[in-house]
Each structure stands twice: as C-alpha cells, then as structure tokens.
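Here the structure comes first, spelled out in structure tokens, and everything after it is commentary.
All of the numbers you see were taken from the coordinates with simple rules; none came from a lab. Here the structure is a predicted model, which is why all the values come from computation and not from measurement. Ideal geometry is used to build each Cβ from the backbone, glycine not excepted, and the neighbour counts take in all protein chains shown.
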Amino acid sequence: MNQNQIGRTVFDIDEESDAFYFQKAIEYHEWLLQQEAQPRLTRTPIFRDCEYAERRLRADYFDDHCKYPLYYFRRRFRMSRNLFLRIVNDILSYTANPLPQHFHFFTSRLDCTGRMSISALMKCRAAIRQFAYGSTADAFDEYLQMSEHTARDALFFFNLCIIELYMPKYLRKPTSEDVVNIQQKHNNVHGFSRMLGSIDCMH
C-alpha cells in the first residue's frame, strides 16, 4: 500500500467517525427535545390543618385554662407570655402606607385555595422557637402544620419586624443614665459591681 492510499484510508476513517458522532449528537438533541415536551411532575399537595393546629396551640399555651402553666411557656419560649403577646400585637398593629412586606407577611389573608392563611400567632411562635432552640425550619410541620418554607420566612420576616419596631429604643447606644441604672440593678441583685459591656461579667 503506497502513501497516498494510506492517507485516503485515514481520511475516510476520520470522515466516518465525524459522521457517527454527528449522528449521535442529533439523536441526543432530539431526545432532549422530547424530554422538555413531556409535562413536568408537580409536587403532591400536602393538606395541612392549620385551623386545628392553632386551636391546639391556643389550648396549650394561650387560653384562660391552658394546658401548660406560665413557667412552661417561659422555659420553652425564653420569654413571658405577656411579652410574646405584646410582640405579636405590636406587629399586627403596625401601620404604614404602604405596609412593608415583612409586616404584611403576618397579616391574615386568604391563600390561593381560598383558605385563611396561617395566623400571626403561629408564625411568631415558629420564629421564636427557632431563635430559642436553633431548630430547623421543618421542625414545625407536625405540631404547627407549617411548611419548612413558611417557617423559614417567618423567622426572616420576624427578625425584620423586631428591628423596625424596637431598634430605636432597645438597640441604641446607652446614655449615662442607662449605664447608672444597669449598674445599680446589677448591684441590687448581686451585691457587687461588675464590668459593663462584658458578657461574662453582666449575667
């Protein structure tokens, strides 16, 4: 076999190889188009009985003759029930035009199915418990009948509401009078003064 014949043979092989891969590329492209044309599977809807969950929450912690005493509430929420209800009421009574998205999230409204949305009480409860325990957002699905997405949004928007409501009063730099009051209160409780601003020395 001379050199020209060898060259033609190699060229023919390359041409056949190119044609083979080109055909495979066309077939793969057609397969992708078929996949895109098929309807996508949607998530199976989960019916969450939010009304029952709220009745249970109120019966456990907020009714006049609730199941758990107030010290259980303080231990589990890391605050008193009165403080918790004050925060919920402050969020619900906030007025602005237009109402910021983080406050609008806590208002009761009809969802896309015509059912009433999860109440502010339950959303605030989910946010506070995430702060108190560092629990994951999907930990509230069984008791509160609340999806992970809603619980995560509750935490995020609750944080923004707290900043907007209370930052001017509670997150400002302490005045000289505030410093004196803090030190005096510490002295009254512990009987001696400590270093202001040190976490180790002010508890």
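So for 124, 66, fewest C-beta neighbours within 10 Å to most, what's the order?
Numbers: 124 21, 66 16.
Ordered from fewest to most neighbouring Cβ atoms within 10 Å, 124, 66 come out as 66, 124.
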| Highest-first arrangement of 96-105, 147-156, where packing means the average Cβ count within 10 Å | 147-156, 96-105
| request: Round to the nearest 0.05 the FRET efficiency obtained for residue 58 and residue 169 when R0 = 22 Å and r is the Cβ-Cβ distance. | output: 0.15
| message | If I model a spin label as a point 7 Å beyond the Cα along the Cα-Cβ vector, how far apart are those points for residue 89 and residue 184 in nm? | response | 2.8
